[in-house]
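What follows is one structure encoded as structure tokens, with my remarks underneath.
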Amino acid sequence: LSLFEGNSGDEESDDDNKTAELVLKEKIEDVHHNWFKEESLYAILVLMDIILTMSKNSFNRLPVNYFKAYDEHKEHIRPQTANEEDTTETEDYHGCLNSIGNLVLLDGSINESIGNNLYEDKVQRIVNAYFRENKFIRPYTFSVYLTKLDDKGKMELGWTDDEIQDTANKIYERIATFLDFGKENTSKD
């Protein structure tokens, strides 16, 4: 848990670990928390890539240079500046922009080319960059952008507050599963 702040490197008790897990859960699932300024955002998003590539169904590999942020920008899935054509109704458009559920890592040139485009335009650009231009797109980033694509290739429009919250919740769930949070310590002193 030292990756996520607050760990001095000393051995921690079970209570300290539980407290750290709860703090991490609250922080990740709080869509109003500003992750954009947190250095630990990179570590968590890279960890999401590792978790995805280690899954049984993954065909992705994570190149060695991508085990850390590699010449990439933090990208807002829902743009910081609302696009006039965006009809996504949200309770608080700007309130959860910097939530971890609205942020991914993306190649700088691709990020700059998509600006504040509509969600569906961003997805199209990312898919084109991956398949036509042979650009590496992080597995987690790719999966998040494709979550709204159905079996017939149709896409739901926009990126809503609920989707930002759901994505944040899934991030915590995947980390908790990967790190075995909640598993009782069965060793005896």
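Just so you know, all these numbers are worked out from the coordinates, no wet-lab data involved. Predicted model, so just to flag it, every value in this text is computed and none were measured.
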When each of K25/K135; K18/K74; K27/K135; K37/K122 is checked by Cα-Cα distance, pairs over 26 Å: K25/K135; K18/K74; K27/K135
Using each residue's phi in region 173-178, evaluate 6.51 cos²θ - 1.76 cosθ + 1.60 at θ = phi - 60° and report the 3J(HN,Hα) Karplus result to the nearest Hz, with x for Gly and Pro. 4, 5, 5, 4, 5, 4
For D162 and H33 in the same chain, what is the full-extension length gain: residue separation times 0.36 nm, less their Cα-Cα distance, in nm? 44.9 nm
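Tell me, in nm to one decimal, what length is gained between D92 and E133 on full extension, where the rule is 0.36 nm per residue of separation less the Cα-Cα distance?
Difference between extended and current length: 11.2 nm.
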